[in-house]
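**Q** Sharing a structure with you now.
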Amino acid sequence: MPAHFTRRSLIRGISAATVAASLATGLAACGGDSDAATTTSAAKTGEVVIGQVSNGAATQTTIKVSEVKSISAELPDSVKKSGKLVIGEGALPAGFPPLAFVGSDQKTLTGSEPDLGRLVAAVFGLKPEIQNATWENMFVGIDSGKVDVAFSNVTDTEERKKKYEFASYRQDNLAFTVPKKSTWNFDGNYENLAGKTVSVSAGTNQEKILLEWKKKLESEGKKLTVKYFQDSNSVYLALSSGKIDAYLGPNPGIAYHNKQTANTPNATRTAGTYSGAGASLQGLIAATAKKDSGLAKPLADAINYLIKNGQYAEWLKAYNLSNEAVAKSEVNPPGLPLDNS
């Protein structure tokens, strides 16, 4: 899976370390040619079930949401007439919990990303149709018009704006995870890393940021030790045994790990977050549609309706992602600059 800053076009907002943080899920979606479609309706009219068959990745929550005609009226005629919102996911072959993966029934695509798509479809008064593909083929689906919008942890970048339009819905954050009993917190200050041993995945955005902090600390006569491990089990074994003080990775994977281990002897917690775009810009995850499709504004309006009326907060809480909330959805907000894409 492509990593931040190290592969052209910043292929995905979630880096390789998310897979490392998601324990036994294996590799996340990258490569391959097969597509799969799942159509999931609300339990009944006016309701969307969040975290259905999520196998513990979310707290199952039934959220009330109905069509908002003033927003659905903004949709392009072709989408309105189809009666459905075709939502793209790039989660083949193995998925990446808690964001998008096949549920415990072995057929339903669940996760925070498709669930937000279902909520937005409900605001539009449309039936959600989830098209699951490899990461690359998801974009092919948007380009060809077979997919209306991707809700798939896509980072807003200036490079991508050449072909796509965006409606932001979540912060793109990194996070430090520590043993639950640890009293250490990052607090947004790299100087708090002095004297610590931190693990990170090689070739990722977070490694780049961590090594920059290491260099700053060295210039101040302070030491930060960076360690690398081959797999997630090794990372968390080192964390629980005290060989490392913290692990830095993408926030969603860490939130998932915290939730999965909450009632175990090796429980972990988040000790601070940091923008995946670095110090100069808050990275954003955004709904992604074809440029000039006319979808970005209604998507943003639907998300802002969910924010204003509380369903958005319920959705984030169900997936333990409240620390990635945005105050509002924006159409084509500033994205990662071209030299970082």
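**Q** Quick one: what Rg and Dmax do you get for segment 213-341 from the alpha carbons, in Å?
**A** 18.7, 54
**Q** Please compute the Kirkwood hydrodynamic radius over segment 262-308, one decimal place, Å, based on all pairs of different Cα atoms.
**A** Averaging 1/r across every pair of different Cα atoms and inverting gives 14.4 Å.
**Q** Given H placed 1.01 Å from N in the peptide plane, which residues other than close sequence neighbours of THR108 have an amide H under 5 Å from its amide H?
**A** When sequence neighbours closer than 5 places are left aside, the close amide H contacts are GLY103.
**Q** A further question follows. In the structure displayed, which of LYS80/LYS290; LYS227/LYS317; LYS181/LYS227; LYS161/LYS259; LYS215/LYS243 lie more than 25 Å apart, Cα to Cα? Display every interim value, and only then the final one.
**A** On the way: LYS80/LYS290 16 Å; LYS227/LYS317 32 Å; LYS181/LYS227 21 Å; LYS161/LYS259 34 Å; LYS215/LYS243 22 Å.
Where the Cα-Cα span goes over 25 Å, the pairs concerned are LYS227/LYS317; LYS161/LYS259.
**Q** To make sure I understand the rule: partners must be aspartates and glutamates, Cα under 14 Å from the Cα of LYS162, and not fewer than 8 residues away in the same chain. Which ones qualify?
**A** ASP143, ASP292
**Q** Above 27 Å lies some portion of the pair distances; for the chain, what is it as a whole percent of all C-alpha pairs? Walk me through the intermediate numbers first.
**A** Numbers: 24014 of 57970 pairs.
More than 27 Å apart: 41 percent of the Cα pairs in the chain.
**Q** For segment 278-287, take each phi angle, set θ = phi - 60°, evaluate the Karplus expression 6.51 cos²θ - 1.76 cosθ + 1.60, and give the result in whole Hz per residue in order, putting x for glycine and proline.
**A** x, 6, 8, 7, 7, x, 10, 9, 9, 4
**Q** Sequence-distant or interchain residues sharing an amide H contact under 5 Å with SER293, placed H: which?
**A** Answer set, sorted by chain and number: none.
**Q** Which trypsin sites (Lys or Arg not before Pro) in segment 157-191 sit in a loop by DSSP (not H, G, I, E or B) and have at most 15 other Cβ atoms within 10 Å of their own Cβ?
**A** Values: sites: ARG160, LYS161, LYS162, LYS163, ARG170, LYS180, LYS181; in loops: LYS163, LYS180, LYS181.
Sparse-neighbourhood loop trypsin sites (Lys or Arg not before Pro): LYS163, LYS180, LYS181.
**Q** Per residue, how much space in cubic angstrom lies within the convex hull of the C-alpha atoms of segment 175-215? Can you show the working numbers first?
**A** On the way: hull volume 3.4 nm³, N = 41.
Convex hull volume per residue, Cα atoms: 83 Å³.
**Q** Please list 3J(HN,Hα) in residue order for segment 211-225, calculated via the Karplus relation 6.51 cos²θ - 1.76 cosθ + 1.60 where θ = phi - 60°; whole Hz, with x for glycine and proline.
**A** For segment 211-225, the Karplus curve yields 5, 5, 5, 4, 5, 4, 5, 4, 5, 9, x, 10, 10, 10, 9 Hz.
**Q** Follow-up question, since we're still on this one. Note the angle between two axes, namely the Cα long axis of helix 135-144 and the longest principal axis of the Cα atoms of the chain, as a number of degrees from 0 to 90, rounded to the nearest 10.
**A** Its long axis makes an angle of about 30 degrees.
**Q** Using the Karplus curve 6.51 cos²θ - 1.76 cosθ + 1.60 with θ = phi - 60°, work out ³J(HN,Hα) for each residue of segment 64-74 in order, rounded to whole Hz, and write x for Gly and Pro.
**A** Karplus-based 3J(HN,Hα) across segment 64-74 equals 7, 7, 10, 4, 10, 5, 5, 8, 4, 5, 7 Hz.
Here, each number is a calculation from the coordinates, and none is a lab measurement. No experiment lies behind these values; they were computed from the predicted model shown. Using ideal geometry, Cβ is built from the backbone for each residue, glycine included, and neighbour counts are taken over all protein chains shown.
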